[in-house]
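J.: Structure in structure tokens, see below.
The values are calculated or read from the model by the stated rules, or taken from the named source; none is laboratory data. Remember, predicted model here, so these are calculated numbers, not experimental data. Positions of Cβ are backbone-derived with ideal geometry, glycine not excepted, and every protein chain shown enters the neighbour counts.
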Amino acid sequence: MLILAAPQVAVSAQASPCLFLGPIPHASPRASRGSSVVQGLTPLVCRRMGLSAAAPLWGPPGLLLTIALHPALSLRPAKASAPPHRDYCVLGAGPAGLQMAYFLQRAGRDYVVFERAPGPGSFFTRYPRHRKLISINKRYTGKVNAEFNLRHDWNSLLSHDPRLLFRHYSHAYFPDAGDMVRYLRDFADRLQLHVLYNTTIAHVTLLKDRQAWNGHYFILTDQKDLAYQCSVLLVATGLSVPNQVDFPGSEYAEGYESVSVDPKDFVGQNVLILGRGNSAFETAENILGVTNFIHMLSRSRVRLSWATHYVGDLRAINNGLLDTYQLKSLDGLLESDLTNLAIVKDREGRFHVTLKFFLEEANQSADAITLPQDDNDNFAMREAYDRVIRCLGWNFDFSIFNKSLRLSSGGEFSKKYPLVRASYESKGSRGLFVLGTASHSVDYRKSAGGFIHGFRYTVRAVHRLLEHRHHGITWPATEHPITQLTSSIVRRVNEASGLYQMFSVLADVVLLKENAAAFEYLEEFPMQMLAQLETITGRNARHGLFVINMEYGRNFSGPDKDVFFYDRSVGHTEDAWRSNFLHPVIYYYRHLPTEQEVRFRPADWPLPRPTAIHHIVEDFLTDWTAPVGHILPLRRFLENCLDTDLRSFYAESCFLFALTRQKQPPFCQQGYLRMQGLVGTENLRQHGVESGLLRDYAAVGKRQEDSSRRPGDHEPAGHPLAPEPPVQPPDSNKEEL
Amino acid sequence: MMSSCLSVCRVGISFVMMNIFYKSAVDSLPELSPQKYFSTLQPAKASLAYFCQADSPGTSVFLEELNEAVKPLQDYGISVAKVNCVKEETSRYCGKEKDLMKAYLFRGNILLREFPTDTLFDANAIVAHVLFALLFNEVKYITTLEDLQNVENALKGKANVVFSYVRAIGTPEHRAVMEAAFVYGNTHQFVLTTEIALLESIGTEDIEYAHLYFFHCKAVLDLTQQCRRTLMERPLTTLNIHRFIKTMEAPLLTEVAEDPQQVSTVHLQLGLPLVFIVSQQATYEADRGTAEWVAWRLLGKAGVLLLLRDSLEVDIPQHANVVFKREEGVPVEFLVLHDIDLIISRVENNMHIEEVREDEDNDVEGPDIDIQDDEVAETIYRDRKRQLPLELTVELTEETFNATVMASDSIVLFYAGWQAVSMAFLQSYIDVAIKLKVIYSSSNRISCPVNITSVQEAEEYLSGELYKDLISYSSVSVLGLFSPTMTSAKKDFTEAGNYLKGCVITGIYSEEDVLILSNKYAATLPALLLARHKEGKTESIPLANTHVQDIVQIITNAFLETFPEITVENLPIYLRLQKPLLILFSDGSIIPRYKKTILTLVKEKHLDSLTPCWLNLKNTPVGRGILQAYFDAVPPLPLLVVVNLHSGGQVFAFPSDQDVTEQNLLLWLKKLEAGLESHITILPAQEWKPPFPAYDFLSMMEAAASRRSTREGPECVKETDVQESHEEQHEDKPAIRDEPTETLRIKHWNRSNWFKEAEKSFRHDNKEL
């Protein structure tokens, strides 16, 4: 039986055709040996101890119950002075914590996850309050490529188990939050992840120890005062503290976290909502039909995600109020800094908006407080409100971390997040990594690192970093001959989900080997850490590198941009650099950039100035496989960076070159001369002759016999398209220019 | 990439050279004594003089700048001189010690203005200040919105206004405005300000750089109406202002009824496109309205014309409603646009693309860069509509993969639809699938090596009886002989057999009675038997202490023939021997006499340093291509050549006038070895370089970035400088007012001259951009 794997199946690490158990001599171009293919097919194998070593302690699912009931029993320290030790401690069994647990488990690492709730994903048991997730669950793409399909699946975590895809959990395009809870529970159970539920870590501190991996241990204390000692701490606690803005009368506002979700409670009311994010609009959407009007007040103008292509901005699914506002209903949007405001309650229990400034004016009785409309009788918020609802987002819970950890907030523009490096490691303490939503300071308002579909990849990147740092396992890479370079890049930009979701944060890296004869392909490296690539990955970047990134056009999007303008997309390959929609960009560096170069790169550039850059022109279908529109310009770029010829040739052409030239093109060297030539069929040869790229030597012979003319007299030997290297030596060629 | 960089460098160098020549050719600054200077002054002619004391330090920078301003000022009829205050001749302009740094502007011998040299900080400032002083009446300097409104109101129905904002007096932008005022100052009222607030008050945003507006006041008859304003969107340079004003002066909308290909207006001469709105009688009014609206939107960017289809003699496509003429001599484009915005965006984008294109002029990239030069990719593309009979194969997905592969013996091809090499291979793969359908059952079951269990079976195997149907794939049967106890030798052999699986059928015999076979074939155990079916010979090779790789090598070499017909398929095996090839080119089967000669020499070990082979042009037509590469004129076949592929690349041809005999051949080879024969050609040794350059997106991006930043304007001058020039201006009022007519005369005298220069450099500019 002969079997074909479907086009673009992601199971093989190579884009080249590989024969599996192939008995056909000479016909397989650069076929890999069976074993390497098998490796590509076999699911990841647990390294070292794997599950079996961990099983006696953690046991099958049945045993988990026991552990959950008596966490103290199994972890009770042998000596009072030495708390139980784990190499890796994960805080939080939300999506990010479970994702990290999965990778640690697969690698056979010593780890534990602490979760204060009785089950995973507790955030989703309550939030979003109106239960509709705004992450898409696209069940049909018309493609069978699992990696590609993850580009449009924003809810699944990464695993080897196809049953753990979110599409099996919900049919809704915007699924119910309850399905997420169910999914996360299954994920933890089915993969037998080690989670200690009902364990609230109340305090984290540092214990210096020269023996420790990072020079110190993290000491975690739970609600029962039990301590755990961890070499590496992975914080995946999300954002859990509702953001409150302090102003006089703020106590009258009901929080998003507790406000009623029953529209009946709002019938005939005037409602003021503070905030302009998705939670604010989601709340408004729910009561839009029953209120008198809704006013929405926030410091800055609304940012629409379709204009910013940032998924955390206001999504169209929630923006009903914008519609009614602009269509002259009674609802409306206002901008003002909340900290200047004050809310006063009148005798009837209704709320008036005034300025803090007025309150500060000498002691006035509640009813005598100056209102803006006293001076300014057309003040927008002069109507009294029945309710004020606060929907101002969430902050990271810094309170459990001891000062010695130096875990600080991310600065003026991302206060709600802890400050981390682009490697997700805390700037304050080595060995402390922030994962998931809490790690979003790295790409806040830029990419998807704050959301499941983004951080599932950044978590994997952190895990790869740890595997190298603590276990000497180099960053995974596949090695290929240089002739595979174009295809390797084309394959990734067309199917890779990590690049697509985490655009301009995670990038693929091609490390060239000596003389650029071969290369290593590394996936999804945190690109801001490029200067430290060798230390982080354990791989060598001495011979130059390519970075493959996905980017939007530099000036395309923004909260105030018209992203629907005419001619917003370009089609010609020479205009590719002006592409606006997400498209692949390839940077070439002759040398690894330094830290300084990365830090002081030009504004708007995700990386320092490269030696050369290539844009693959934006594509309406995000399908960059057009032979002339996409692949050819990419090959030319790679050829010119590497100063070589990367064309492919049929065996017959290689045969001709082998006997008429001292040097062979890489494709012939790596294929034909190793008995892996590509034999074209007769009709392909015919096409080649018609295109002028191949010559019909059989016909040459015939004509010669017929007309007895000398060969060379009439032959198109110098046909410009014939597969010849440049006629002149390249050096003299350059001088001429 | 490298090459385009080089070409850029080259351009840079030639520019520098040009400038050097240019400088030396320019009239240099005349140096005169005061007396001499005043004697040269002509009535009504303006002159700028710098009075200085010998060569005091610190003046040289100024002198350099002044020197640079000589030529442009002369173009405006203003002479420039350096006056040396020598002791013998005293002049009041020489001033006292500290006050030496001053320049004076005279008309005739009347002093118009004096300039401290620090206001004349560079050539631009010198030209700007001098023209500003001379054109005081033509260019109104204002500071408030009220001033502007007054000017506007006064000119409604009479003249248009050119209003510009520059960040400071003396900047290059200021100079550009003054130069334009010199030409257009008597047709339009020029108004200048340095007040940002004023610009803001007329509703301009983003005031990072200089602005120039054209106020269309002449057409305003109702005094309560505002003048329409058009903003010049390009940077303020003399040429851009010239181009802008020219387009403002052109009629807003022209009606034409002739072939658009023949129509030309000032716009085309200025490098701007023409947009024809196609109209017909029935909709004339509406079309005219549309066209006017478009014309206002495109004012300064394109010429707009109304094309009357009904009275047109040439045919234009029926549905076309817009005709677009990019430039003179280029065929017009007929467009069907359903939205006026599309017309606008087409023009605006065209301008943008043009800017980009102009940058690329120097690049070596031709159209070839976009043409496929990969033979595999191109042939697969041309074959894309072929339907392959994929039904002979099972298509796997990730979900079905494991189950299918585990369940049966499978050959799995991983391919990608977009990857040309795998698609080319797929065609052969399907051909094989068709063939395998027939023979699958037998070939599939052969394990490697085949375990032979009896002496009789071994004999059948060696004679080729056992796998008769596969004999065509293999000319040699390989059998390993081991006594049952030789476990490690057996293991190595088995491994080698596995390695060669798919290429060679290997067998293994290790029964108790193995001695029967080893005796028969005179083999010492462990041993390898090679049965060559064609020759009917069986040889034995001892395998004691032979490692896996060596076994593989022995078996592989066993398949090498002593005088093979070289083909596309087998050449790589023979190239591995790293010896020069002795090739006999033959048009058809080999002549037995030749074969015999060479085989004799082989047998006598004369050809050990070569790989002798022959090439049948009937089977391997590409051999003709090889001959063409070796010979200028291919002599008659058969032909013998030696190709030294691995060291030097020389090709030697056996003389065609000699008979191919053992003796002649041997003698020729000896001479060859001794270096007495000369080669007919040397194979080229050049590296395989990129066939074409790539798009240099990096320079395109950087060029775009620098364009953006220059548009934001140069650094402004210190606030105090501006103040100073305001004051000076007021002081000077009376001096200039006295002689308005002379000023005008100078302007007229030079206007045509300036124009020529502008046009010339405009054309030049266009090319260089």
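J.: Within the range A:154-204, count every residue that is more than 23 Å from A:Arg109 (Cβ to Cβ) and among the β-branched types (Val, Ile, Thr). Full working, then the answer.
T.: So the first thing to find is which residues in the range A:154-204 are more than 23 Å from A:Arg109 (Cβ to Cβ), and the list is A:154-155, A:162-163, A:165-183, A:198, A:200, A:202-203.
Now narrow it down to the ones that are among the β-branched types (Val, Ile, Thr): A:181, A:200.
Of the residues in the range A:154-204, 2 are more than 23 Å from A:Arg109 (Cβ to Cβ) and among the β-branched types (Val, Ile, Thr).
J.: Same structure again: Quick one: A:His216 ticks every box in (1) farther than 25 Å from A:His470 by Cβ; (2) in contact (Cβ under 8 Å) with a residue 12 or more places away in the chain bar one, so which box is it?
T.: Of (1) farther than 25 Å from A:His470 by Cβ; (2) in contact (Cβ under 8 Å) with a residue 12 or more places away in the chain, only one is false for A:His216: (1).
J.: Now a separate question. Where residues in the range B:256-288 are among the small types (Gly, Ala, Ser) and over 19 Å from B:Thr230 (Cβ atoms), which of them is modelled with the lowest pLDDT?
T.: Filtering the range B:256-288 for residues that are among the small types (Gly, Ala, Ser) and over 19 Å from B:Thr230 (Cβ atoms), the one modelled with the lowest pLDDT comes out as B:Ala282.
J.: Any residue that is under 24 Å from the mean Cα position of the chain (by Cα) and either touching a residue at least 60 places away in the same chain (Cβ under 8 Å) or not in a loop (DSSP other than H, G, I, E, B) (or both) - is there at least one of those in the range A:376-393?
T.: Yes, because at least one residue in the range A:376-393 is under 24 Å from the mean Cα position of the chain (by Cα) and either touching a residue at least 60 places away in the same chain (Cβ under 8 Å) or not in a loop (DSSP other than H, G, I, E, B) (or both).
J.: Quick check: is even one residue across the range B:319-332 facing chain A (nearest Cβ under 8 Å), in contact with a Pro (Cβ under 8 Å, 6 or more places away or on another chain), at pLDDT 80 or above and surrounded by 14 or more Cβ atoms within 10 Å (Cβ to Cβ)? Can you show your working first?
T.: Taking the range B:319-332 and keeping what is facing chain A (nearest Cβ under 8 Å), we get none.
No, there is no match, as no residue in the range B:319-332 is facing chain A (nearest Cβ under 8 Å), in contact with a Pro (Cβ under 8 Å, 6 or more places away or on another chain), at pLDDT 80 or above and surrounded by 14 or more Cβ atoms within 10 Å (Cβ to Cβ).
J.: Given the conditions (1) crowded, with 22+ Cβ neighbours inside 10 Å; (2) not in a loop (DSSP other than H, G, I, E, B), which single one is not true for A:Gly449?
T.: Here A:Gly449 meets the rest and fails (2).
J.: With the requirement that a residue be more than 14 Å from every other protein chain (Cβ to nearest Cβ), closer than 17 Å to B:Ser656 by Cα and outside any helix (DSSP H, G or I), what does the range B:582-601 give you?
T.: Those that are more than 14 Å from every other protein chain (Cβ to nearest Cβ), closer than 17 Å to B:Ser656 by Cα and outside any helix (DSSP H, G or I): B:Ile590, B:Ile591.
J.: Scan the range B:640-653 and report the pairs whose first residue is closer than 25 Å to B:Lys595 by Cβ and whose second residue is charged (D, E, K, R), with Cβ atoms within less than 7 Å and a gap of 6+ or a chain change.
T.: B:Phe652/B:Glu677
J.: Now for a separate question. Looking only at the range B:522-557, how many residues end up being under 29 Å from A:Gly671 (Cβ atoms) and either surrounded by fewer than 17 Cβ atoms within 10 Å (Cβ to Cβ) or within 14 Å of chain A (Cβ to nearest Cβ) (or both)?
T.: Number of matching residues: 10.
J.: I need the full set of residues from the range A:588-619 which are surrounded by fewer than 15 Cβ atoms within 10 Å (Cβ to Cβ), more than 10 Å from chain B (Cβ to nearest Cβ) and farther than 18 Å from A:Ala422 by Cα, in order please.
T.: A:Arg590, A:His591
J.: How many residues does the range A:237-284 contain that are of a type in the set (Val, Ile, Thr) and touching a Gly at 6+ places or on another chain (Cβ under 6 Å)?
T.: Qualifying residue count, the range A:237-284: 1.
J.: Can you give me the number of residues within the range A:639-678 that are within 20 Å of B:Pro580 (Cβ to Cβ) and more than 7 Å from chain B (Cβ to nearest Cβ)?
T.: 5
J.: Among the residues that make up the range B:652-661, is at least one of them surrounded by 14 or more Cβ atoms within 10 Å (Cβ to Cβ), facing chain A (nearest Cβ under 7 Å) and either in contact with a helix residue (DSSP H, G or I) (Cβ under 7 Å, 6 or more places away or on another chain) or not β-branched (Val, Ile, Thr) (or both)?
T.: No: zero hits.
J.: Here is a further query. Output the residues belonging to the range B:192-212 that are assigned to a strand (DSSP E or B) and either crowded, with 23+ Cβ neighbours inside 10 Å or within 37 Å of the chain's Cα centre (by Cα) (or both).
T.: B:His211, B:Leu212
J.: Is it the case, given these coordinates, that A:Ser135 is surrounded by 16 or more Cβ atoms within 10 Å (Cβ to Cβ), modelled with pLDDT under 95 and under 22 Å from A:Thr458 (Cα atoms)?
T.: It is true that A:Ser135 is surrounded by 16 or more Cβ atoms within 10 Å (Cβ to Cβ), modelled with pLDDT under 95 and under 22 Å from A:Thr458 (Cα atoms).
J.: Which residue out of B:Lys605, B:Lys579 is more than 9 Å from chain A (Cβ to nearest Cβ), assigned to a loop (DSSP other than H, G, I, E, B) and in contact (Cβ under 8 Å) with a residue 60 or more places away in the chain?
T.: So the residue among B:Lys605, B:Lys579 that is more than 9 Å from chain A (Cβ to nearest Cβ), assigned to a loop (DSSP other than H, G, I, E, B) and in contact (Cβ under 8 Å) with a residue 60 or more places away in the chain is B:Lys579.
J.: Being touching a residue at least 24 places away in the same chain (Cβ under 8 Å) and over 25 Å from the mean Cα position of the chain (by Cα) narrows it down to one of A:Ser279, A:Ser298, A:Ser258, so name that one.
T.: A:Ser298
J.: In the range B:24-37, is there at least one residue being at pLDDT below 65 and of a type in the set (Asp, Glu)?
T.: First pass over the range B:24-37, keeping only residues at pLDDT below 65: B:24-27.
Still in the running and of a type in the set (Asp, Glu): B:27.
Yes, because at least one residue in the range B:24-37 is at pLDDT below 65 and of a type in the set (Asp, Glu).
J.: Is it fair to say B:Ala168 is at pLDDT below 90, in contact with a helix residue (DSSP H, G or I) (Cβ under 7 Å, 6 or more places away or on another chain) and not acidic (Asp, Glu)?
T.: yes
J.: Give, as residue ranges, the helices (runs of 4 or more DSSP H) completely inside the range A:603-708 that count at least 1 residues that are under 29 Å from A:Ala517 (Cα atoms).
T.: Qualifying helices (runs of 4 or more DSSP H): A:632-642, A:651-660, A:666-670, A:682-691.
J.: How about the range A:473-547: which helices (runs of 4 or more DSSP H) wholly inside it have at least 2 residues that are over 14 Å from the mean Cα position of the chain (by Cα)?
T.: A:485-495, A:533-537
J.: If you take the residues in the range B:376-408 that are in a helix (DSSP H, G or I) and among the β-branched types (Val, Ile, Thr), which one is farthest from the other protein chains (Cβ to nearest Cβ)?
T.: Result: B:Thr400.
J.: Pick out the one residue from B:Leu610, B:Leu615 that is under 17 Å from A:Phe657 (Cα atoms), at pLDDT 90 or above and either touching a Phe, Trp or Tyr at 6+ places or on another chain (Cβ under 8 Å) or not aromatic (Phe, Trp, Tyr) (or both).
T.: Working: B:Leu610 fails: under 17 Å from A:Phe657 (Cα atoms).
After ruling out the rest, the residue left standing is B:Leu615.
J.: For A:Val181, only one of the following conditions fails: (1) touching a residue at least 40 places away in the same chain (Cβ under 8 Å); (2) farther than 20 Å from A:Ala96 by Cα. What is its number?
T.: Failed condition: (2).
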